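Heads up: the structure comes next, in structure tokens.
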């Protein structure tokens, strides 16, 4: 091989190799997945999240990394988990409804995508629906605003009913659901005892209480086993 040809091959290799090395060393974008539930209990939703990423062109382990943080229904862990994701320097945080306050408190710069069970403007998560502002945006169910319609449907299913009990998890993060339900009940002339339960054991006890012949319409409190 002539000297000139040899230098051309070596020179080409010198140029190509660093570019290849740089490409291999470029870190993948990191998505922080912050959730108040457990991995087992939220498996279906997590699978849907992965499908959504794939539809957008991102496959976990190939061109994106997902950092999962589960609170296992211990909501007091959420602030530390959110801070951990920020320290991990994730590119974006996905937060379920109870996780939103912790994510917002942890960072004002990392984008936050949330799903809220209540009005995010009313709860102070965003400035408005069309112009959220700040570093957070997402989707909302507005379950509180649907309270009146739900009560109407229940009354139609059970004509003449005067009392409809409501099961509420007050540990599920900030929400106006209970206030909206009580306001709707007053409009419809219904009594709405509030049964508060935040775990499977309390839910079972709540249904036991509902099965009793007499449920005091004005009663409101956490159920206990």
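Observations on the model:
- In the condition set (1) surrounded by 16 or more Cβ atoms within 10 Å (Cβ to Cβ); (2) in contact with a helix residue (DSSP H, G or I) (Cβ under 7 Å, 6 or more places away or on another chain); (3) at pLDDT below 95; (4) farther than 30 Å from residue 186 by Cβ, residue 145 is compliant with all but (4).
- Residues that are under 23 Å from residue 120 (Cβ atoms) and crowded, with 16+ Cβ neighbours inside 10 Å within segment 47-67 comprise 49, 53, listed in sequence order.
- Any hit, segment 65-75, residues being in contact with a helix residue (DSSP H, G or I) (Cβ under 9 Å, 6 or more places away or on another chain), part of a strand (DSSP E or B) and within 30 Å of residue 178 (Cβ to Cβ): yes
The rows are residues; the columns are (1) surrounded by fewer than 16 Cβ atoms within 10 Å (Cβ to Cβ); (2) in contact with a helix residue (DSSP H, G or I) (Cβ under 8 Å, 6 or more places away or on another chain); (3) without any contact (Cβ under 8 Å) to a residue 24 or more places away in the chain; (4) within 14 Å of residue 135 (Cβ to Cβ).
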site	(1), (2), (3), (4)
89	yes, no, no, no
95	no, yes, no, yes
106	no, yes, no, yes
110	no, yes, no, yes
115	no, yes, no, no
119	no, no, no, no
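The values are calculated or read from the model by the stated rules, or taken from the named source; none is laboratory data. As the structure is a prediction and not an experimental result, all values here were calculated from the model. No Cβ is skipped: glycine too gets one built from the backbone with ideal geometry, and neighbour counts run over all protein chains shown.
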